[in-house]
Structure formats: structure tokens, C-alpha cells
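Asks: There's a structure below that I have some questions on.
The values are calculated or read from the model by the stated rules, or taken from the named source; none is laboratory data. What you are looking at is a predicted structure, and each value in this text was computed from that prediction instead of being measured. Please note: Cβ atoms are built from the backbone with ideal geometry, for glycine as well, and neighbour counts cover all protein chains shown. Quick note on the areas: whole protein, heavy atoms, side chains included, nothing else; ligands and nucleic acids left out. Shrake-Rupley method; radii C 1.70, N 1.55, O 1.52, S 1.80 Å.
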Amino acid sequence: MKIFTVLLPLFIFHCSQIQWRPASLAVERGWSETGKNIIQTEVIYEEKDAWNPLSGTTHKKNYRTTFRIYEISGAGNDSGDPPIYSYEIGSWTLPGSVYFHSATNRLFWIQGTNDEYGGSIRFPAVWSPKGFRSFEPKSFQKEDQTIFQFVPSPDGGKAAIILGKLKSDLEIESPTLIIADVNGQSSSYDRSYFEFQLTKWEETPEFRIRWSENSNLLYIRIQDKVFKTNEKTRKLEDAKEFPVCFYPASSFGPVGISPGGKDGDSDIARDMEAPPFKRYKDKPLVKSLSQTKDCSQ
């Protein structure tokens, strides 16, 4: 009886560890292009400990993501007033992939389809609280393709997308650049896109895409070469000169995890990063990649 009394609390504790419990990732945030809105992204799921404590991880399921859009009237602070819009989807979103555009009221993100967080089965998505006709990625994304980049233009009307087949050794096979119209004015616009086959693509600093300030051009860095294209030429041309910054890729987007406070991930006070749109300029144009730099700072 004494042994039972001693073991019972241990048994109850162990059972509680293998039960499903709510969990979430650190809340990410990003600025809109005007600096008038902040988008918070919270990924929520259920988890339980693995039977083998040496596995070093937990089992996870039932992912969902909540987006909260805040209006900023004074100093950047998304921990006070309630959000002006909230939206939830039934899956995870890829870290650093969420953008909100104030002028068009469009929300952009990369979304998963199963419980393999960050897995290769994912697609681009667009939503607007003001109403938005369907953005249908199936018109250009094949079933065996993984999306790696989904970057809206500064005017919110187009998006640059990098697709490819992810091999078991993580090499990207048959990389493709898509420039899609996301205006959503009619079903014909939803199918408006053009594509280019790229020679190579890696998710490293030597491979970048970058919109021009006025959204008319897209610059593509592939190792030691830079190309450009637009809606009119629909050709990849050598860029004789290009902006000094290839990061950030657009005038708005993700900037990091949320500061402490309501809906934040920590009670430690942290200053908000400044909106990147204030520093997003094409000039000075440069002619050598050795002159480029990271302009997010």
C-alpha cells in the first residue's frame, strides 16, 4: 500500500505529461508600408511529450494561426488598444512570411497544410478584411512544388514568388520565379501571372529578390549576378545597376517577435523596431554586389 501511495503521484504526473496541452510559438509582428498598421501573427497548437524522453521534442497537432492587425496612431505600441481586425486560419504560417499592406488592406502569408510545421507542403495566400476575390495559387503552383519566397510589391498589387522541388538533400530543383497579379479585381486577374525558370536557387544571402521602390521592377540576385524584369518586358535581363539594398525585399513586412505586453511573448519591455518603409529607397544605385548592404538596420 505504501508503494502504491508513493507511485500514484508519479503515475499521475507522467500521465499529465503525455496528455495534449495548448501551446504557441513566439508572436511575430510586422509593419505595413505606411507605418500606420502592425500585424501580429500567433501560431497556436497542441502538444504532448514523447514517450521517449531522449527524443528531445514533443508531438504537435491541430495548428492554427491568428492574425491581429493594429492601428498605430502614435508611438509604435501594439499592446494597448484592441486590434482593428482579427483573422484565423486552420494551419501554421511560415515564420517571416506575413505582410499587411495598409493602402489595399491586403494580408499576405505562406500557409502549411498539415501538422508538419515548416514542412515542404505549403502555399501562398491572400486575404482582405475589406473583401477580396479569390487568389488561386493552383493556377501556377504544381503539387510537387514548394514555395520558398512570397514577397508583395510596395504598391500591394503584385507578388514575387519562388517555387521549386525540394529534394531529400534539401537541394532546390527546377526553381521558378513567378510574378503574380494580386489585385483580385476579377477572376481573370487571379490568373494573371508570368514565370521564369531560374538556373539555381538557394535560401542563402547570395540569392535574393528585391522590388523597386515604385513596384515597376523586380531585381533577382543569383550568386554573383543580378537580373531584372517587369510586366512589360517579361524577360530576365542583366541589371547593369541595381539598388544598394537587397534586404528588406519590399517596403513593408516582418520585423521580428512581439514586444512584451498584451498578446506578446514576454513581459520584458523592448522597443519597437522602426518601420522599414522609411529607409526603403532605390538610390543610390550601384554596379557591383560588393557595394550592396543590409538596409534593415
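Asks: In µm²/s, what is D for region 83-191 at 37 °C and 0.692 mPa s, where D = kT/(6 pi eta Rh) by Stokes-Einstein and Rh is the Kirkwood radius from Cα pairs? Spell out each step's value before the answer.
Replies: Working: Rh = 14.5 Å.
After rounding, the answer is 226 µm²/s.
Asks: If you don't mind, another one. Output wanted: per-residue J couplings in Hz (rounded whole) for region 138-148, from phi through Karplus 6.51 cos²θ - 1.76 cosθ + 1.60, θ = phi - 60°, x for Gly and Pro.
Replies: Result, rounded to whole Hz: 5, 5, 10, 9, 7, 4, 8, 9, 9, 8, 10.
Asks: Taking 22 Å as R0, compute the FRET efficiency from the Cβ-Cβ separation of T58 and S168 and round it to 0.05.
Replies: Details: r = 25 Å, r/R0 = 1.12.
The computed FRET efficiency comes out at 0.35.
Asks: Check which residues have an amide H placed less than 5 Å from E213's amide H, if you skip close sequence neighbours.
Replies: Hits under the 5 Å cutoff: D282.
Asks: When the expected Rg is taken as 2.2 N^0.38 Å, what fraction or multiple of it is the alpha-carbon Rg of region 21-294?
Replies: Numbers: Rg = 19.0 Å, N = 274, 2.2 N^0.38 = 18.6 Å.
Its radius of gyration relative to the 2.2 N^0.38 Å reference: 1.02.
Asks: Right, another one. Let me check against my output: what whole-number percent is the relative contact order of region 21-294, with C-alpha pairs under 8 Å and at least 6 apart?
Replies: Working: 636 pairs, mean separation 44.7, N = 274.
Taking the mean separation of contacting Cα pairs over the length of region 21-294, I get 16 percent.
Asks: Please list, in order along region 222-235, the HN-Hα scalar couplings obtained from phi with the Karplus expression 6.51 cos²θ - 1.76 cosθ + 1.60 (θ = phi - 60°), rounded to whole Hz, x for Gly and Pro.
Replies: Coupling constants for region 222-235: 10, 6, 9, 10, 10, 10, 9, 7, 7, 5, 7, 7, 6, 9 Hz.
Asks: Let me ask something else about it. Once you've got the Cα coordinates, tell me which of K60/K158; K240/K281; K165/K240; K200/K235; K167/K240 are over 24 Å apart.
Replies: Correct reply: K60/K158; K165/K240; K167/K240.
Asks: Let me ask something additional. Which order do the peptides 284-291, 39-46 take when ranked by the mean count of other beta-carbon atoms within 10 Å per residue, highest first?
Replies: On the way: 284-291: 11.6, 39-46: 21.2.
Ranked from most to least packed, the peptides come out as 39-46, 284-291.
Asks: Now a separate question. Determine the share of region 21-294's accessible area contributed by carbon and sulfur atoms, expressed in whole percent, with a 1.4 angstrom probe. Could you put the intermediate results ahead of the total?
Replies: Working: 6410 of 13610 Å².
Ligands and nucleic acids excluded, carbon and sulfur reach 47 percent.
Asks: Based on the Cβ-Cβ distance from Q291 to S192, what FRET efficiency comes out when R0 is 35 Å, to the nearest 0.05? Show your work: numbers first, answer last.
Replies: Working: r = 35 Å, r/R0 = 1.00.
About 0.50, to the nearest 0.05.
Asks: Please list, in chain and number order, the residues 5+ apart from K158 or on another chain whose amide H is under 5 Å from its amide H, with Hs placed from the backbone.
Replies: Correct list: S153, V182.
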